[in-house]
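Below you'll find the structure, written out as structure tokens, and then a few comments.
Read the figures in this text as sums done on the coordinates, not as results from a lab. Remember, predicted model here, so these are calculated numbers, not experimental data.
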Amino acid sequence: MNDITTERAGPSASLTWYGQAGFRLAAGNSHVLIDPFLTGRPDRRYEPPAAAADFADVTLVLCTHEHVDHLDLPFLREFCAVNSAARVVVPLPVVEVAAAGGIDRARLVGAVPGEELHDRDVTVHPVPALHGIGGDEPVVYEFARDGGPVRFLGYVLEIGGIRFYHSGDCLVYPELPGTLSALAPDVLMIPINGRDHMREARGIVAAPATSPPWSAIPKPPPPSWPPPAPPLSLSPCPDPPRPPAPAVPPDPMRVIL
């Protein structure tokens with residue numbers, strides 16, 4: 001059987017999903033790992049689908065924020081033991097958290113919105129993410145604590161001639177559509193975990209999936225990309241059915257773009 005990755009002309013990259021918000025993007029000699037959450041824990045529904053040794057060829061790691069399912073410090077310590085070269089990018093205020101968690105400070109890069117990062121042929125644009133602060137009631141949705149440097153990020157990254165947007169944990173905010181329209185991603189990775197009482201109690205609900213520029217993997221962008229930024233429009237959506245927990249761990253899902 002022919003390898004389809006060698007037959008594609010023009011921009012091309014592969015995308016592999018590892019559960020939760022974890023993705024791997026690969027093109028040429030660049031391999032980017034985003035938000036890996038691969039440590040075995042009692043509260044997991046299934047065993048991690050991959051281990052640190054599977055990522056020895058990764059050239060760059062991006063973590064969107066400090067929560068354990070995005071900054072998995074036990075996994076990252078194992079990863080750094082088998083991969084001595086890849087840099088680990090975190091929001092600038094989270095550098096100290098990662099260093100205190102055992103990650104070599106020399107390998108950490110602090111990301112700031114508006115400041116491009118470059119690694120080999122990969123370009124990364126950090127984008128602010130609006131996230132909840134305060135695990136118990138009351139939760140405040142902010143970019144950082146007490147107006148400090150942005151602590152929660154998404155990333156628009158270009159690899160293999162394709163621009164991907166990974167939102168991290170982010171609610172829609174008024175400036176986001178314009179920011180993304182300017183960066184013109186081709187593929188949007190928007191992890192969605194449904195609705196919860198904390199959001200609903202504050203009237204925060206999901207944005208309509210049909211409003212551009214939002215698209216879902218692997219839907220291609222419209223011919224007129226980038227579209228004009230739409231007005232912010234939020235509306236309730238019905239609770240989706242929740243499937244039972246899988247009895248066996250899912251295999252990583254790989255997509256060729």
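Points to keep in mind about this one:
- Global form of segment 73-152, assessed from the alpha-carbon gyration tensor, a/c cut-off 1.5: oblate
- Prolate/oblate/rounded label for segment 1-120 (Cα gyration tensor, a/c 1.5): oblate
- Percentage relative contact order, segment 85-172, counting C-alpha pairs under 8 Å, at least six apart: 25
- Fully extending the segment from Tyr173 to Ala81 would add 29.3 nm, taking 0.36 nm per residue of separation and subtracting the current Cα-Cα distance.
- Size descriptors for segment 17-78 (Cα atoms only): Rg and Dmax, in that order, 11.2, 37 Å.
- Segment 22-61: relative contact order in percent, alpha carbon pairs under 8 Å with at least 6 residues between: 42
- Relative contact order %, segment 82-132, counting alpha carbon pairs below 8 Å whose residues are six or more apart: 29
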